[in-house]
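The values are calculated or read from the model by the stated rules, or taken from the named source; none is laboratory data. Source: prediction; values computed, not measured. Using ideal geometry, Cβ is built from the backbone for each residue, glycine included, and neighbour counts are taken over all protein chains shown. When the accessible area is computed, the model is the full protein with side chains, heavy atoms only, and any ligands, DNA or RNA have been set aside. Shrake-Rupley method; radii C 1.70, N 1.55, O 1.52, S 1.80 Å.
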Amino acid sequence: MRGRLLFSAFAMLIAAPAAAQTPRPKLIVAISVDQFSADLFAEYRQHFTGGLHRLSEGVVFPAGYQGHAATETCPGHSTILTGSRPYRTGIVANDWLDQSAAREDKVIYCAEDESVPGSSSRNYTVSAKHLLVPTLGERMKAANPATRVVSVAGKDRAAVMMGGHKVDQLWFWNGKDYVTIAGQPDPDPVVAPFRSALAARLAQAQPPMPVPDMCRSRDRAIPIGDGKTVGTWRFDRAAGDTAKFRASPELDDANLTLATALIDSMKLGQGPVPDIISIGESATDYVGHGYGTEGVEMCIQLLALDKRLGDFFDHLDRSGVDYAVVLTADHGGHDLPERNRIHAAPDAQRVDGSLDIKAIGARIAREQRLKGPVLLANGGDVYLDRTLPERRRAKVIRRAAELIRQAPQAQDVLVGADIAAMSQPHTPPETWSFAERARASYYPGRSGDLIVALKERVTPIAAPPTRGYVATHGSFWDYDRRVPMLFWWKGAQNFEQPLGVETADILPTLASLIGLDVPAAEIDGRCLDLDASEGSNCPVVAPAPAR
Ligand code: ZN
């Protein structure tokens with residue numbers, strides 16, 4: 001009796017700090033800032049005063065990893081709320097080749113249903129069909145059908161990959177307007193007035209944005225060829241210019257306006273069970289692609305986003321909803337080579353055409369007396385022409401790998417069959433080999449037969465950049481893999497863990513906060529202990545028996 005009393009007193013003692021630390025949120029707010037690299041977070045965090053400052057005072061993982069090789073938007077967003085790496089989500093790239101597809105270019109977009117008659121890679125029907133695993137929202141709904149799942153984003157693939165297959169309200173900017181997908185529930189009543197207000201705003205020209213003091217040092221024109229420059233743009237736009245709207249703080253503002261309206265109208269976080277909203281803030285990516293990461297444009301964009309997020313959280317505070325936030329990114333990025341070269345990185349370069357998969361395919365066709373293109377390329381994925389006879393394929397792969405390796409801008413080339421035969425990496429993501437990075441985003445049938453890794457600091461956009469894209473991401477290198485992961489809730493005790501973690505860890509971590517059971521075998525991530533003290537939000541796992 002006395003022993004038991006002592007035991008319960010002791011149990012209370014160790015339980016008390018955990019109870020104070022562990023939130024039980026009624027609303028999960030999951031925010032992805034597209035292309036918000038760990039480097040940008042490090043560069044700007046001391047200057048944030050709004051929402052990003054608030055999140056920096058929560059639990060901070062400055063080295064979150066989108067650990068896989070395919071550091072693109074769709075794979076990245078597919079990891080954030082599924083607990084899974086792209087090899088498991090099936091989202092191996094923004095698009096891939098399916099040589100059996102009816103369409104002429106054989107390109108399949110990650111967030112489409114290509115079986116819809118008349119669709120093409122340019123005119124596609126948005127769908128979550130290719131996502132092979134459930135999202136956190138879907139798991140919450142399965143446990144509690146009363147859970148509401150809402151997804152809002154500046155890109156269709158961000159909305160779909162974070163929302164999943166069953167969403168109560170799903171809205172994304174399609175280049176002209178916010179739209180949803182077929183088969184969705186009726187639009188919430190706030191959507192129509194939001195859309196007309198946005199249309200009215202778009203119809204008005206916008207003046208240049210002011211340059212904050214700290215951005216002045218970045219305000220400098222960088223020539224990029226053809227008489228063009230980047231580095232000094234202030235986001236003014238003509239009436240109706242939707243392209244300029246998209247690559248500006250206006251898009252992120254619109255997203256958060258719609259998200260706020262939906263939270264209020266649907267009373268998210270005020271029902272009997274937890275709800276979730278995912279928000280894809282896409283403008284940082286468009287700004288990075290259009291102007292690079294180190295000019296006045298990115299400075300204005302990130303400070304505007306910080307302020308707008310601050311207003312958004314202030315609004316949530318006033319609503320009294322008990323919410324928890326995670327903010328991360330789908331991939332990192334780095335600056336355009338022209339500015340990198342004058343900023344102490346003289347080895348930065350653009351692809352120079354010396355790695356030409358089509359020419360390598362033609363050469364192998366001549367050497368081995370084969371017909372057809374032999375090799376087909378889509379980004380870093382290289383596919384063997386499917387009409388090649390089975391018995392000829394091994395020799396073609398060997399020769400193609402040899403020739404690709406000789407290209408001066410190629411770092412490595414990995415053979416798909418070898419990658420597929422590997423097991424998944426279990427060490428921290430900063431230690432992974434190139435083969436392990438490729439393994440984490442390899443899905444047979446969608447990924448290439450060969451995966452090409454370019455050398456560090458090689459930007460796969462030829463000079464002079466056309467079509468408004470001057471910088472990009474998508475490489476095997478850490479500047480594209482590393483992203484911040486920030487957790488915040490009211491009362492969170494600040495701590496920082498600089499060691500590497502994965503974005504796949506987000507789902508089990510959030511699940512622990514709402515008491516949702518997720519079988520470990522179904523995911524790749526692990527629950528992160530957000531409790532600054534000895535307590536933990538993570539479920540107790542029975543220790544493995546001693547051997
Ligand atoms: Zn992206």
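What residues have an amide H closer than 5 Å to that of R350, excluding those fewer than 5 places away on the same chain, when H is modeled at 1.01 Å from N in the peptide plane?
It is T459, by chain and number.
Run a plain Debye calculation on the stretch 270-371 (Cα atoms as equal point scatterers, no solvent) and give log10 I(q)/I(0) at q = 0.10 Å⁻¹, rounded to two decimals, same order as the q list.
Log10 I(q)/I(0), no solvent term: -0.56.
With labels modelled as points extended 7 Å from the Cα through the Cβ direction, what inter-label distance (nm, one decimal) is found for A200 paired with R122?
In this crude label model, A200 to R122 measures out at 3.6 nm.
Cross-link partners among lysines for K228, C-alpha distance below 29 Å, same-chain residues fewer than 8 apart left out?
Qualifying lysines at Cα under 29 Å: K155, K176, K244, K455.
How long, wide and thick is the stretch 341-425, going by the Cα atoms along their three principal axes, in whole angstroms, largest first?
Taking max minus min along each principal axis of the Cα atoms, the stretch 341-425 gives 50, 36, 19 Å.
What whole-number value in Å² describes the accessible area per residue of the chain for a 1.4 Å probe?
On the way: 23230 Å² over 547 residues.
Computed with neighbouring chains in place, this is 42 Å² per residue.
Please give the contour-minus-distance gain from E534 to E496: 0.36 nm per residue of separation, less the Cα-Cα distance, rounded to one decimal in nm.
On the way: separation 38, 0.36 × 38 = 13.68 nm, distance 1.50 nm.
Contour length minus the Cα-Cα distance gives 12.2 nm.
Based on DSSP H assignment, which helices of the chain show an axial Cα extent of at least 27 Å together with a mean Kyte-Doolittle hydropathy greater than or equal to 0.5? Mind dumping the intermediate values first?
Values: long enough: 2-21 (30 Å, 1.03); 296-319 (35 Å, 0.05).
What comes out of the filter, once short or polar helices are dropped, is 2-21.
What ranking do 412-421, 183-192 get when scored by the average of other Cβ atoms within 10 Å per residue, highest first?
Details: 412-421: 17.8, 183-192: 12.7.
The densest-packed peptide leads the list: 412-421, 183-192.
Based only on the alpha carbon positions, what is the Kirkwood hydrodynamic radius of the chain, in angstrom?
On the way: mean 1/r = 0.0409 Å⁻¹.
Result for the chain, one decimal place: 24.4 Å.
Keeping the other protein chains in place, figure out the carbon and sulfur percent of the accessible area of the chain, with a 1.4 Å probe. Don't skip to the answer; put the middle values down first.
Numbers: 12620 of 23230 Å².
Ligands and nucleic acids excluded, carbon and sulfur reach 54 percent.
Could you order the peptides 75-83, 263-271 from most to least packed, using the average number of other C-beta atoms within 10 Å per residue? Walk me through the numbers before you get to the answer.
On the way: 75-83: 31.7, 263-271: 18.7.
Result, highest mean Cβ count within 10 Å first: 75-83, 263-271.
Which peptide among 485-494, 86-95, 505-514 comes first, and what is the full order, when sorted by highest mean count of other Cβ atoms within 10 Å?
86-95, 505-514, 485-494
Within the chain, which is the longest segment containing none of the GluC sites (Glu not before Pro) that sit in a DSSP loop and have at most 12 other Cβ atoms within 10 Å?
Details: sites that count: E57, E104, E534.
After excluding every exposed loop site, the longest remaining stretch is 105-533.
Checking the cross-link filter: which lysines have an alpha carbon closer than 19 Å to that of K26, excluding same-chain neighbours under 8 positions apart?
Result set, ordered by chain and number: K141, K267, K490.
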